[in-house]
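The values are calculated or read from the model by the stated rules, or taken from the named source; none is laboratory data. Since this is a predicted model, take the numbers as computed values, not measurements. Cβ coordinates were reconstructed from backbone atoms using ideal geometry, including for glycine residues, and neighbour counts include every protein chain displayed. When the accessible area is computed, the model is the full protein with side chains, heavy atoms only, and any ligands, DNA or RNA have been set aside. Shrake-Rupley method; radii C 1.70, N 1.55, O 1.52, S 1.80 Å.
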Amino acid sequence: MTAQETERTAHPEQHPSDGVLDRTQDAFALTEEEHALLPTDADVVHYAEHGWYLSKKLLTDEEVDLLVEASERYYGGHRDRTLPLHPPKLAYWQPSDGPVQRHNDYVHYEDDTLGRVLRKPLLGAVAARLAQAERIRVFQSTLILKPPRPEEESNIVPWHFDRHYWANSTSERMLTAFIPFHDCDEEMGTITMVDGSHLWKETSANDATSLHFAERDRSELDQMLEENAHYNNAEVRKIPMRIPKGHMSFHHCRTYHGSGANRSDRPRRAISFHLQDGENQYRPFRRSDGTQVSYNHDALVRRTPEGLPDYSDPEFCPVLWSSH
């Protein structure tokens, strides 16, 4: 354990998320208007049965415009702070990477404006309703730009589900909000869900699935989807998310999803906002070949008294919502 990690373990309250300590309970209160934007009981049942949910308008036009402006500054090199180190599997597009699909992790940490909008309590309250959790924390935020280049291979996101890449998390209730910065439909390569796939059993315990889709052959992932559907006697029913500006989709960590090419005349801008319930914590996980699975957090977050990565570190995984 480094001296910094030791100090942060002993005095976690001295390491707030982007300069602000975790919110007090008063900060988690919703207005009457915001309460009306929460998922209904029927919506929660739909999410449990189908594995996805399309929200009401959770961000104002002004908040979405702030995301666009902040993302442009970010791409231009602005950072309010930088990561202390870059883990080996960090997604971190730079201009030298060219006109490919851009992915940049930890934007809630590196940019105060992006972080402030993403930490709007209403987003956490919606996630808590869907996950049936008392507390929601940030897990990861990835800024994405899909250029209007239908021929660009990196624009195609193959079928996958997020839980595969979070093998060393204990929770089965984690979920993701896909937040476009504009109206988003099939022409722009919107996110598409495989309806009800979060309820499927997997064909085998093939631990190669813990490798990110960028590290695997796309045809293999397509085949895995078909095989799992057949194994479950299920139809592959693909539902493209048509998302108006200010709205967002949520999906369960085991819901298969992907996205197609951007065939429009403008970039598809979005944030993939991964969320964890308050009970989630790190667990060691090894593949059958003995390889230790790691997530980028493991090199960044503080350590628990047992010396394990602390996925409740408020600097990188701040509380987004708490009901008590």
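Do we find that LYS56 is part of a loop (DSSP other than H, G, I, E, B), modelled with pLDDT under 95, surrounded by 13 or more Cβ atoms within 10 Å (Cβ to Cβ) and out of contact with any Cys (no Cβ under 6 Å at 6 or more places or on another chain) in this structure? Answer is no for this residue. State whether one or more residues within the stretch 199-216 are at pLDDT 95 or above, in contact with a strand residue (DSSP E or B) (Cβ under 8 Å, 6 or more places away or on another chain), open to solvent by 10 Å² or more (accessible area, probe 1.4 Å) and outside any loop (DSSP other than H, G, I, E, B). Looking for residues that are at pLDDT 95 or above, in contact with a strand residue (DSSP E or B) (Cβ under 8 Å, 6 or more places away or on another chain), open to solvent by 10 Å² or more (accessible area, probe 1.4 Å) and outside any loop (DSSP other than H, G, I, E, B), one finds none in the stretch 199-216, hence no.
Here is a check on your reading of the model: is ARG254 farther than 20 Å from HIS108 by Cβ, under 19 Å from the mean Cα position of the chain (by Cα) and not in a strand (DSSP E or B)? Please lay out each step first, then the result.
Details: farther than 20 Å from HIS108 by Cβ: yes; under 19 Å from the mean Cα position of the chain (by Cα): yes; not in a strand (DSSP E or B): yes.
The answer is yes for ARG254.
Which residues, counting only those in the stretch 146-177, are assigned to a strand (DSSP E or B) and either open to solvent by less than 10 Å² (accessible area, probe 1.4 Å) or in contact with a Phe, Trp or Tyr (Cβ under 6 Å, 6 or more places away or on another chain) (or both)? Outline the logic, then answer.
Here is the first cut: in the stretch 146-177, the residues assigned to a strand (DSSP E or B) are 146, 157-160, 169, 175-177.
Residues satisfying the conditions are LYS146, PRO158, TRP159, HIS160, SER169, LEU175, THR176, ALA177.
Entry remark, the stretch 258-289: residues being open to solvent by 10 Å² or more (accessible area, probe 1.4 Å), among the charged types (D, E, K, R) and at pLDDT 95 or above number 6 in total. Evaluation of ASP265 against the conditions (1) over 28 Å from PHE28 (Cα atoms); (2) part of a strand (DSSP E or B) shows that the sole unmet condition is (2).
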